[in-house]
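Data first, discussion second: the structure below is written as structure tokens.
The values are calculated or read from the model by the stated rules, or taken from the named source; none is laboratory data. Treat the numbers as computed from the prediction; the structure is a model and nothing was measured. Note that each Cβ is placed from the backbone with ideal geometry, even for glycine, and that neighbours are counted across all protein chains shown.
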Amino acid sequence: MDDLRNDRDQTIFVAGHRGMVGSAIVRCLEAQGCGRILTANRQSLDLTDQAAVRQFFADNRINQVYLAAAKVGGIHANNTYPAEFIHDNLVIQTNIIHAAHTSGVDRLLFLGSSCIYPKLAEQPMREDALLTGVLEPTNEPYAIAKIAGIKMCESYNRQYGRRYRSVMPTNLYGPNDNFHPDNAHVLPALMRRLHEAKAAGRDSVAVWGTGRAMREFLHVDDMARASVFVMRMDDAVYANNTRPTLSHINVGTGQDCTIGELVHTLARVIGYEGRLEFDASKPEGAPRKLMDVSRLNAMGWRPEISLEDGLRQTYGWFLENSITLRAS
């Protein structure tokens, strides 16, 4: 691992610091006593504005970048706004990666998504499954943008000798997640739906799909720790475990569950005792999405938070912030 003392003397820009992943990375860096952590909200920096991003990098002596900024959402949002999902993500990551390079930033971590892999990829999904098959149609625009981000980092590494790395998280959850009833991912959407059903005394809750689709879930604090771990990894260790044109690293637990099992666990955590009614007419995405995390495990990293413990922590955060979330 690179010396932590170096990070304490550097300026680290976390793009997307108000999002779930970005805020967790900031918490992780602060807990480790890192130096100047630089952030910028949407009012002070529009990441889709190329000139503004270029000027931001010119005005700040940035040493490292965690690129956690992205337009994200669940199946409904991806189906409804495909143009925005591909455009906004391509523009944001292109602006940041290129500005980092032109301003001399040598270290950058790009955060992608497990949706980069083919819909019917062999399970668990290894890094070398990338670009070997057709993507899941419901989130193809988002996935294409993330694949472009990986290849952009690799291209700057190959041509300019940069240390731009990419991590591909499985499904994340935790504090600062999006709990919007229409645009959220499956876990926070179900958490809010079950909570509201309990509060209203409803005797049943509708769940999209058959409940048989399988998903893997990682607490965002574990993801933040993995991100810092990969960013600091010795060049020799990174090079020995990756290839120049296959450099991304999966991050997950290596374990999955059915959506049905997830819903029942959530109901237990929340204390909802009504019926769970699965609607097979609704889309549920790929049948299974489990990450092969053997590459990262071999490098020495493993998650610390179990799913049920993470759900209880997340529900506690949800309850503390429910007044604010109610309006969103």
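Observations, loosely collected:
- Search result, residues across region 159-192 that are within 21 Å of residue 115 (Cβ to Cβ), among the hydroxyl-bearing types (Ser, Thr, Tyr) and not in a strand (DSSP E or B): 170
- Residue within region 114-121 that is in contact with a strand residue (DSSP E or B) (Cβ under 9 Å, 6 or more places away or on another chain) and hydroxyl-bearing (Ser, Thr, Tyr) present: yes
- Test: residue in region 137-147 that is small (Gly, Ala, Ser) and either outside any loop (DSSP other than H, G, I, E, B) or at pLDDT below 95 (or both): yes
- Failed criterion for residue 195 (all others in (1) surrounded by fewer than 16 Cβ atoms within 10 Å (Cβ to Cβ); (2) assigned to a helix (DSSP H, G or I); (3) in contact with a Ser or Thr (Cβ under 9 Å, 6 or more places away or on another chain) hold): (1)
- Selected residue (only one of 138, 132, 170 is over 20 Å from residue 226 (Cβ atoms), buried (at least 18 other Cβ atoms within 10 Å of the Cβ) and of a type outside the set (D, E, K, R)): 138
- Of all residues in region 76-109 being of a type in the set (Val, Ile, Thr) and modelled with pLDDT of 95 or more, the one that is farthest from the chain's Cα centre (by Cα): 102
- Annotation: residue 171 fulfils all but one of (1) modelled with pLDDT of 95 or more; (2) within 21 Å of residue 17 (Cα to Cα); (3) in contact with a strand residue (DSSP E or B) (Cβ under 6 Å, 6 or more places away or on another chain); the unmet one is (1).
- Test: residue in region 150-159 that is without any contact (Cβ under 8 Å) to a residue 40 or more places away in the chain, under 25 Å from residue 24 (Cα atoms) and crowded, with 23+ Cβ neighbours inside 10 Å: no
- Check on residue 315, assigned to a helix (DSSP H, G or I), farther than 22 Å from residue 172 by Cα and of a type in the set (Phe, Trp, Tyr): no
- Of all residue pairs spaced 6 or more apart or on separate chains, those with beta-carbon atoms under 8 Å, a first member in region 230-246 that is farther than 25 Å from residue 28 by Cα and a second member that is assigned to a loop (DSSP other than H, G, I, E, B) and aliphatic (A, V, I, L, M) are 246/130.
- Selection count where residues are among the small types (Gly, Ala, Ser), surrounded by fewer than 23 Cβ atoms within 10 Å (Cβ to Cβ) and assigned to a loop (DSSP other than H, G, I, E, B), scope region 67-112: 4
- Any chance residue 223 is crowded, with 22+ Cβ neighbours inside 10 Å and not small (Gly, Ala, Ser): yes
- For region 113-136, the candidate set comprises residues that are part of a loop (DSSP other than H, G, I, E, B) and polar (S, T, N, Q); within that set, the residue that is nearest to the chain's Cα centre (by Cα) is 113.
- Residues within region 41-61 that are in a loop (DSSP other than H, G, I, E, B) and either surrounded by fewer than 21 Cβ atoms within 10 Å (Cβ to Cβ) or over 23 Å from the mean Cα position of the chain (by Cα) (or both), tallied: 10
- One residue stands out among those in region 256-310 that are over 30 Å from residue 238 (Cβ atoms), of a type in the set (S, T, N, Q) and not in a helix (DSSP H, G or I): the one that is modelled with the lowest pLDDT, which is 281.
- Failed criterion for residue 23 (all others in (1) in contact (Cβ under 8 Å) with a residue 60 or more places away in the chain; (2) under 25 Å from residue 154 (Cβ atoms) hold): (2)
- Any hit, region 199-208, residues being assigned to a loop (DSSP other than H, G, I, E, B), under 21 Å from residue 185 (Cα atoms) and over 22 Å from the mean Cα position of the chain (by Cα): no
- Residue in region 113-120 that is under 24 Å from residue 232 (Cα atoms), among the charged types (D, E, K, R) and surrounded by fewer than 20 Cβ atoms within 10 Å (Cβ to Cβ) present: no
Okay, residues lined up against (1) in contact with a Phe, Trp or Tyr (Cβ under 7 Å, 6 or more places away or on another chain); (2) surrounded by 12 or more Cβ atoms within 10 Å (Cβ to Cβ):
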residue	(1), (2)
269	yes, yes
273	no, no
279	yes, yes
285	no, yes
294	no, yes
299	no, yes
311	no, yes
